[in-house]
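Here is the structure we will look at.
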Amino acid sequence: MKITCPYCGERDHREFTYRGDATAIRPSIDNTSLDDHQAFVYDRKNTAGTHRELWNHTSGCRTHVVVVRDTVSHEIFSCEPVGPFAKQLARNVAKLKGAGA
Amino acid sequence: MAEIPDRISPLDGLFEPGDFGAVTNSPGVEYSQRLCGALVQVQAWPGTTGKVEAVLKQVLGLPVPKARLAHMKDETILMSTGPGRWLVDDEMEGLEEKLRKALPSDLGALTGLTHARVVISVSGEKAEWVLSSGIAMDFHVNAFPGGGVQLGHHHEIGVTIHRLGANHFELYAFTSLAHGLWHWLTHAGAEVGYRVT
Ligand SMILES: [Zn+2]
C-alpha cells in the first residue's frame, strides 16, 4: 500500500502512522454528555468499503493527511493535506503532479 | 564557565577506515562521517512562513529552497524538510544563537539538533543502489535529483537524506540510532565493496 504524501510524494505506508477515523468529531468542550464523549472515543463503524481516515507521515515530513481508502481492497482513492499548512501543501501537490512524482 | 568536553561521534569505535566486503578493483561505495558545527531546525507558524523565509535569507545569505530541495554556500546547507520547516547545517558553531536572535518565538520555533545527529556520507558508483536496497523511496534522479532532500526511514530508523549529486548522498542520522543505521550500511555495502575513510 502506497500513500502519496502532499509534501514528500508517493511513499510506503509503513512511513505513516494511522490516526483513525477522519469523520469522528470531538464533541464541544461545553458538551457534558458522557454518551457523546464515549461515542467519540470508542464508537466506530468498522466499515467494509470506502473509509475516510487520518494518517500522519511520521517518518517523513510529519504532515497529517486524510486518505480515502477501500478497507477491503486497500485501494486508495485520494490523499489530501489537512491542518494549518493544508493550503500551502495543496500548491505543492500541483507541483508534484507536474514533476510526475 | 565549565570546560566543554570534545564532541564524540556515536560512530567512533565502529568507524574503522579500510576496504571491506566484495573485493574489486575499486569499492562500489565509500562512507565517511562528520559532525555538524551547528544543526538547527526552524519551524514557522502557520502564516509566518514568508517572514521566516526572509529572516533565513538575510541571516544565511542563501536563497530559501523550495519544497524538498537544498541550497548550499561555503559551509552552510539550508534544506527544506516540511511545510514551513527547514534544517540548517553549518560548519561553524554559534549559528543557533545567531538564528535565535533573528527569529523571535512569535515567528517560529527553533530546535537545536547539533548533538542529535551524525552525518554519514555515502558516495560512489553504487551509492544509489546501496541506499535503494534498504530505504523505500524513489532514488531515480528524476524523482530525487541532485540538490534534493528527502525524509524517510530504514526499518523505523528515521533519516534525512540530502543528495549532493548523482552519486553522492549525506544521511542525517539520529545519534541514538546511528549504530543501527551504520550496521545496515556495512551489510548493504558489502555486496559491492565499501571503503571507510
Ligand atoms: Zn511527507
Completion exercise
Of the residues in the range B:63-87, those that are away from every other protein chain (no Cβ under 14 Å) and not β-branched (Val, Ile, Thr) come to B:PRO63, B:ALA70, B:HIS71, B:MET72, B:LYS73, B:ASP74, B:GLU75, B:LEU78
Handout entry: Looking only at the range B:2-48, and only at residues there that are of a type in the set (Asp, Glu) and in contact with a Lys or Arg (Cβ under 7 Å, 6 or more places away or on another chain), the one that is nearest to B:VAL118 (Cα to Cα)
Key = B:GLU30
Practice task
Output yes when any residue across the range B:173-180 is on the phi > 0 side of the Ramachandran plot and either not assigned by TED's automatic domain parsing to the domain that holds B:THR81 or not hydrophobic (A, V, I, L, M, F, W, C) (or both), and no when none is.
Solution key: no
Completion exercise
Counting only residues in the range A:64-83 that are modelled with pLDDT of 95 or more and β-branched (Val, Ile, Thr), the one nearest to the ligand (Cβ to nearest atom) is identified as A:VAL65
Exercise for the section: Sort out for me the strands (runs of 3 or more DSSP E) sitting completely within the range B:58-120 that have 2 or more residues that are over 12 Å from the mean Cα position of the chain (by Cα), at pLDDT 95 or above and surrounded by fewer than 15 Cβ atoms within 10 Å (Cβ to Cβ). Expected result: B:108-112
Practice task
Confirm whether B:VAL141 is surrounded by fewer than 16 Cβ atoms within 10 Å (Cβ to Cβ) and more than 17 Å from the chain's Cα centre (by Cα).
Solution key: yes
Fill in the blank from the handout: Per the filter on the range B:144-170, residues over 21 Å from A:PHE16 (Cβ atoms), under 10 Å from the mean Cα position of the chain (by Cα) and without any contact (Cβ under 8 Å) to a residue 60 or more places away in the chain are B:ARG163, B:PHE169, B:GLU170
Exercise for the section: Say whether the condition of being closer than 19 Å to B:LEU39 by Cβ, within 16 Å of the ligand (Cβ to nearest atom), within 14 Å of chain A (Cβ to nearest Cβ) and not charged (D, E, K, R) is met by at least one residue in the range B:175-185. Expected result: no
Exercise for the section: Within the range A:66-87, identify whether any single residue is under 22 Å from B:THR81 (Cβ atoms), within 11 Å of chain B (Cβ to nearest Cβ), outside any loop (DSSP other than H, G, I, E, B) and open to solvent by 30 Å² or more (accessible area, probe 1.4 Å), and answer yes or no. Expected result: yes
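The values are calculated or read from the model by the stated rules, or taken from the named source; none is laboratory data. Just so it is clear, the model here is predicted, and its values are computed rather than measured. Heads up, the Cβs are rebuilt from the backbone with ideal geometry, glycines too, and the neighbour counts pull from every protein chain shown. Areas reflect the complete protein model, heavy atoms only, side chains present, ligands, DNA and RNA absent. Shrake-Rupley method; radii C 1.70, N 1.55, O 1.52, S 1.80 Å.
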